[in-house]
Each structure stands twice: as structure tokens, then as C-alpha cells.
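For reference, the structure is listed below as C-alpha cells.
The values are calculated or read from the model by the stated rules, or taken from the named source; none is laboratory data. Just so it is clear, the model here is predicted, and its values are computed rather than measured. Note: ideal-geometry Cβ built from the backbone for every residue, glycine included; neighbour counts use all protein chains shown. Heads up: the accessible areas ignore ligands, DNA and RNA and are worked out on the full protein's heavy atoms, side chains in. Shrake-Rupley method; radii C 1.70, N 1.55, O 1.52, S 1.80 Å.
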Amino acid sequence: MRLLISFAALFLSVILLQLSSSGVGPLDVLSGTVLGFSNGQIGLLGSAHFLGFFIGCWWAPRLIGAVGHSRGFAVCTALGAIGLLAHMLIINPYAWAAMRVLTGLCIAGAYTVIEAWLQAKANNENRGRTLGIYRMVDTGSQVVAQLMIGLLAPASYVSYNLLALLCCAALLPLTLTRLKQPEAQGAPRLRPRLAWQLSPLAALGVVVAGLSSASFRMTGPLYGAQVGLQPDAIGLFLASVVLGGALAQWPAGWLADRYDRRWVLIWFSAASILACAVTIAVPTLGPIGIFSAAALFGATTFPIYSISAAHAHDWASDDQRIELSAALMFCFAAGAIVAPLATSALITAYGPAALFYFVSTAHIGLIVFGVVRMRRRAPSDTRQPYIWIPRTSFSVGRLFRRSDKDGPSP
């Protein structure tokens, strides 16, 4: 409880940020549909978000080094609020794409500040509990944000103003906290090739994780609308995916720590293909069948990032881990930027089921590549423990790294 209270301000900021940023994606899809945007234009909004996210991951550590953590957080949240408030001032899909760049930048920059603060205050004795609470708060907020969709009217000033208010409110806990501001650390070097050099399979696995996650998050509401779900049901549909993905992290970690991670990755990809087939088949069974299939989809696709990251870290030296985390985030962002544009075009051409055919194709490619790599390379002699890694900032590797000066692990 003392630990929870000491980090309460940071966790409250996480909750408010997630309610704002995770709500804008599905709201944009529903609003774009009401306003007559094409599927391709709606997909562009999702890609713009991840482009902003990538820019924010790269820029935020440099901003913090120049103005400090609190001011850096204020800059990022202000940009996010501007992006939200401007939506109903300019009804144009390309202007909205520019606004989504700002909201993506906001979430990446704000999380960089929060994770730097957590990393500075956590030690080896409380690190596991701190990270566990952090992940629970982050995931729980994502679920609630999806459920909010049923309460937010599409293409409404009130809806976007509410999300902007939540974004602005995230400023208050962090700027009023009495926790000492951590010292600014240098930005990790961005070396995208490092992930491929250490483990080509892990690098491709992270790209496929980005393709799967972003295509569903950003065009999933479009799929839900086209199979007949109402806005409140679309919120449950999206929340089911997040909840299924969160619950699957523990069994995924148990498997990844006990068996060859390449086989675990291959079998999760195979399960993802099965989940896509089930999701395509169940719309005739009604909302309950759709929600159950969505939870299965989340359970099979969400752990792939962390399994791939654990496999990559098995081949890394200690001084490479932070840069490797940044390289893996780059690979994820690359897949996430491409996915919404591709899936929205496929949905236009072939119908809503094309979303899951796209994801299945990506996982088939990962399975084939995984089998080829297993024939060419023996498993690593060293194994790092599986960690459920949030995809939040390039600096996330620092948060999960133990420090020798903190003392022995419990």
C-alpha cells in the first residue's frame, strides 16, 4: 500500500492519459464513418497516430534533456489536447491525420516521462511489484477507454472536448507530486539494425506484432460497424481484445521460460491464425460469439511482442539491452504505421473479413521464417526471464533493467 501511495500521482496520470488516448482511435473511426470519410482515409488516421508515436519516442528524451521532466510532460500533453480539440474545428480527414500525429506524439512523450520517473524511484526490492501495478493500471485504463465508446457520440464537440479534458487533467497529478524529479538521462541510440543482427526472428516477430495490434486497434471499429455492432457493442468488442491479451501474458510467460521460445512464438502465431478463422466465422452467432472470438484474438496476438523481445534479449549483452529495446520499438512502430492503411484498403476491396486475412497472412510468414531460422541456428545458451513489456516508449528498457547498486533481487 505504501508503494501504491508513493506512485499514486504517476499512476493517476497514466489512467487519465489512457482514457484520453485509447478513446480517440475508435471515436475517430466512428466519427469518420458518420462524416463520410472513406475506409482508406480512416486507415490513414491510425497510421498517423503511430507515426506521431514514433516521432514522440525519438524526440521525448531530447526534450526532457533540454527542459526537464515536468515541463516535457506539459509540452506533450498540451500537444495532445490541441490535437483533440481541433478535430471538430476542421472536418477534413487529412487535417485529422495531422491532429492524430500530435496525439501519438503526446502518448509516447508522456510515457517516456512517466517511465523515467518510475525507473528512477524503483529498486530491485520493489521493482516487480511496481511494474506489476503499472501494467495493471495501464491495461485496466485501456479496457475502460474502449468501454467509453458507447457513451461518446461520434463527430461531437462534447466527445472530443471530454477526451481533451482528460488529457489536460493528466497534467495535474504529475506536476503537483512531491516526488523528486529524476535526473535527465541521455536518449538511447536508435539502431534499428541491432534487433535484426541479434535475432532476425525476434525482429520479424515484433513487426508482425505491430501489424496485428495496430490493424485491430485502428480498423477494428470499422470491422465491428460493418458486421452490425452498435457503438456500445464495439466498445465491448475492443475491450475483449485488450482483456484477452492481458490475461494471456502469464501462461505465455510460463511457456516462454520453460520451452524453446522459437517454438512458443511459432505456436502462438499458429493460434493467432486459428483465432482469425474463428473471428471470421462467428458474426452469425451474435455479439457473444464476436466478443469471445475477440478475446481469443487478443490472447494469441498480444503476447507475441513480449515473446519476441525475450528471445532477442537472450542474444544480447548487458550493455546492448537498452538500445535493443529501442530497436524493437522501432520495428513495432514500422509495422504499426503500415497496418491501418493496408487493412482499410483491403476492407474496402474485399469486405470486413479482409482484416483477419491480412493478419493471418502476416502470421503465416512468421511461422515459415521461424522454421527456417530454427534450421540455421541453435537455441541461445543464456535465457533472460520473460517480461510483459508495454509498448510505450524507446526508454522502456531502462525501466525493466535491474541495477546492481540496488542490491540483490528478492
Inset, instruction - From the list 191, 217, pick out the single residue that is within 17 Å of the chain's Cα centre (by Cα) and among the basic types (Lys, Arg). - result: 217
Legend entry - Pairs with Cβ under 8 Å, 6+ apart, first in region 258-282 and closer than 30 Å to residue 315 by Cα, second open to solvent by less than 10 Å² (accessible area, probe 1.4 Å) and of a type in the set (Lys, Arg): none
Legend entry - Test: residue 188 is surrounded by 13 or more Cβ atoms within 10 Å (Cβ to Cβ), in a loop (DSSP other than H, G, I, E, B) and modelled with pLDDT under 80: yes
Inset, instruction - Kindly list the number of the only condition in (1) within 30 Å of residue 233 (Cα to Cα); (2) at pLDDT 90 or above; (3) open to solvent by 30 Å² or more (accessible area, probe 1.4 Å) that fails for residue 369. - result: (1)
Legend entry - Odd one out for residue 271 among (1) open to solvent by 10 Å² or more (accessible area, probe 1.4 Å); (2) within 24 Å of residue 41 (Cα to Cα); (3) touching a helix residue (DSSP H, G or I) at 6+ places or on another chain (Cβ under 7 Å): (2)
Inset, instruction - Give 148, 88, 136 a once-over and let me know the one that is open to solvent by 50 Å² or more (accessible area, probe 1.4 Å) and either assigned to a helix (DSSP H, G or I) or modelled with pLDDT of 85 or more (or both). - result: 136
Inset, instruction - Report whether or not residue 109 is part of a helix (DSSP H, G or I), at pLDDT 90 or above, under 19 Å from the mean Cα position of the chain (by Cα) and crowded, with 24+ Cβ neighbours inside 10 Å. - result: no
Legend entry - Selection status of residue 341, within 19 Å of the chain's Cα centre (by Cα), open to solvent by 50 Å² or more (accessible area, probe 1.4 Å) and modelled with pLDDT of 90 or more: yes
Inset, instruction - Return a yes/no flag: does region 29-47 have any residue that is surrounded by 17 or more Cβ atoms within 10 Å (Cβ to Cβ) and in contact with a Lys or Arg (Cβ under 6 Å, 6 or more places away or on another chain). - result: yes
Legend entry - Residue match in region 197-217 (condition: in a helix (DSSP H, G or I), among the charged types (D, E, K, R), closer than 30 Å to residue 7 by Cβ and open to solvent by less than 30 Å² (accessible area, probe 1.4 Å)): no
Legend entry - region 151-179, subset in contact (Cβ under 8 Å) with a residue 60 or more places away in the chain and not in a helix (DSSP H, G or I), residue surrounded by the most Cβ atoms within 10 Å (Cβ to Cβ): 170
Legend entry - Positions within region 234-249 being more than 24 Å from residue 266 (Cα to Cα), open to solvent by less than 20 Å² (accessible area, probe 1.4 Å) and aliphatic (A, V, I, L, M), in sequence order: 234, 238, 239
Legend entry - Unique residue being basic (Lys, Arg), at pLDDT below 90, in a helix (DSSP H, G or I) and within 19 Å of residue 180 (Cα to Cα) when the list is 71, 62: 71
Inset, instruction - Would you mention how many residues in region 283-301 are more than 15 Å from residue 241 (Cα to Cα) and surrounded by 19 or more Cβ atoms within 10 Å (Cβ to Cβ)? - result: 1
Inset, instruction - Please state which of the following conditions residue 306 fails to meet, knowing it meets all the rest: (1) closer than 19 Å to residue 264 by Cα; (2) at pLDDT 90 or above. - result: (2)
Inset, instruction - Would you be able to tell me the number of residues in region 48-61 that are open to solvent by 30 Å² or more (accessible area, probe 1.4 Å) and either over 21 Å from residue 190 (Cβ atoms) or without any contact (Cβ under 8 Å) to a residue 60 or more places away in the chain (or both)? - result: 2
Inset, instruction - With respect to residue 302, determine if the residue is touching a residue at least 12 places away in the same chain (Cβ under 8 Å) and either under 22 Å from residue 351 (Cα atoms) or over 20 Å from the mean Cα position of the chain (by Cα) (or both). - result: no
Legend entry - Test for residue 67: is it without any contact (Cβ under 8 Å) to a residue 24 or more places away in the chain and among the β-branched types (Val, Ile, Thr): yes
Legend entry - Only listed residue being small (Gly, Ala, Ser) and in contact with a Cys (Cβ under 8 Å, 6 or more places away or on another chain), chosen from 233, 239, 209, 195: 195
